1. Residues with beta-carbon under 14 Å from that of residue 105, excluding residue 105: net charge, scoring Lys, Arg +1 and Asp, Glu -1?
2. So if a site counts as exposed when it's one of the trypsin sites (Lys or Arg not before Pro), its DSSP state isn't H, G, I, E or B, and it has at most 16 other Cβ atoms within 10 Å, what's the longest stretch of the chain without one?
3. Once neighbouring chains are kept in place and the probe is 1.4 Å, which whole percent of the accessible area of the chain is contributed by carbon and sulfur?
4. Using 0.36 nm per residue, how much length does the chain from residue 232 to residue 209 gain when fully extended, once their Cα-Cα distance is taken away?
5. Classify region 35-194 as rounded, prolate or oblate from the Cα gyration tensor: take a ≥ b ≥ c as the square roots of its eigenvalues, call it rounded if a/c is under 1.5, otherwise prolate when a/b beats b/c and oblate if not.
6. Provide Rg and Dmax in Å for region 151-245, with only Cα atoms included in the calculation.
7. Could you please report the charge total around residue 61, scoring K, R as +1 and D, E as -1 over all other residues with beta-carbon less than 11 angstrom from its beta-carbon?
8. What whole-number value in Å² describes the accessible area per residue of the chain for a 1.4 Å probe?
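The values are calculated or read from the model by the stated rules, or taken from the named source; none is laboratory data. Please read all numbers here as calculations on a predicted model, not as lab measurements. Backbone-built Cβ (ideal geometry, glycine too); neighbour counts: all protein chains shown. Surface accessibility is based on the protein's heavy atoms, side chains included, excluding ligands, DNA and RNA. Shrake-Rupley method; radii C 1.70, N 1.55, O 1.52, S 1.80 Å.
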Amino acid sequence: MSIIKDKVIVITGGSSGMGKATATLLAERGAHIVVGARRKQNLEELVTSITSNGGSASYQVTDVTNRSDVENLVKHAVNSYGKVDVIINNAGIGPISLLDDLRVGDWEQMIDVNVKGVLYGIAAALPIFRKQGSGHFVNVASTAGLKVTPKQSVYAGTKSAVRAITEGLRQEAGDKLRVTIISPGFVDTNFADSITDMEAKAQIISTRDKIAISPDAIANAITFAIEQPSDVDVNEVIIRPTAQS
């Protein structure tokens, strides 16, 4: 029997890409999935897909830039299943561009989603985990948090922040909670949709189409971290295409 069976797992950014793949795989392993994202139709389709295949899932429309939305998502999980075992702070955007372009609105949006969204997830789940005496944070960063390239200054900054926050959380967590950073490279998702710089968008799509790995690869990595025994803490997984430098 999978160690994941009957775990209650909350996933932000769960309606597509890595979040959707992770929700699907974890549901197959017997977890109760609670997904949050902004697109209601996508959430409904995902939950229908999971439940029609014998899995357990529900959703709540969630904008991670709104703290109360994230709190309500976690509360929904507790109200539905009586606990939360794992929160996967996966929601993220990457409208990359040159700093000279002064796309300040894009910068602010990345900070709100990529950094504040993770912090709101931590704030919503941490008191519950402390009360339970158990819990697992999985925060999705990026290889951009390890290597900065032109046009990715702010995006890389937000993902570096996620890594720093997550490592600090790990050190503060004590011996009852687990904390994992997942740092994906190029993954075949709709990441480029948020990019407002058309040249940068074309570059990302071109590279993605040449070398990107499946979201299933990230789902497998997250599942690996979750399915370890409670005294084993997988602190960081960096997963990228073999062709990515």
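1. On the way: positive: 103; negative: 101, 106, 108, 112, 197.
Summing Lys/Arg as +1 and Asp/Glu as -1 gives -4.
2. Values: sites that count: 5, 38, 39, 147, 176.
By the stated rule (loop sites, at most 16 other Cβ atoms within 10 Å), 40-146.
3. Details: 5460 of 11060 Å².
That share works out to 49 percent.
4. Numbers: separation 23, 0.36 × 23 = 8.28 nm, distance 3.60 nm.
The span from residue 232 to residue 209 would gain 4.7 nm if fully extended.
5. Verdict is oblate for region 35-194.
6. Just the Cα atoms of region 151-245 yield Rg and Dmax of 15.6, 47 Å.
7. On the way: positive: 38, 39, 40; negative: 44, 63, 69.
Neighbour charge sum, excluding residue 61 itself: 0.
8. 45
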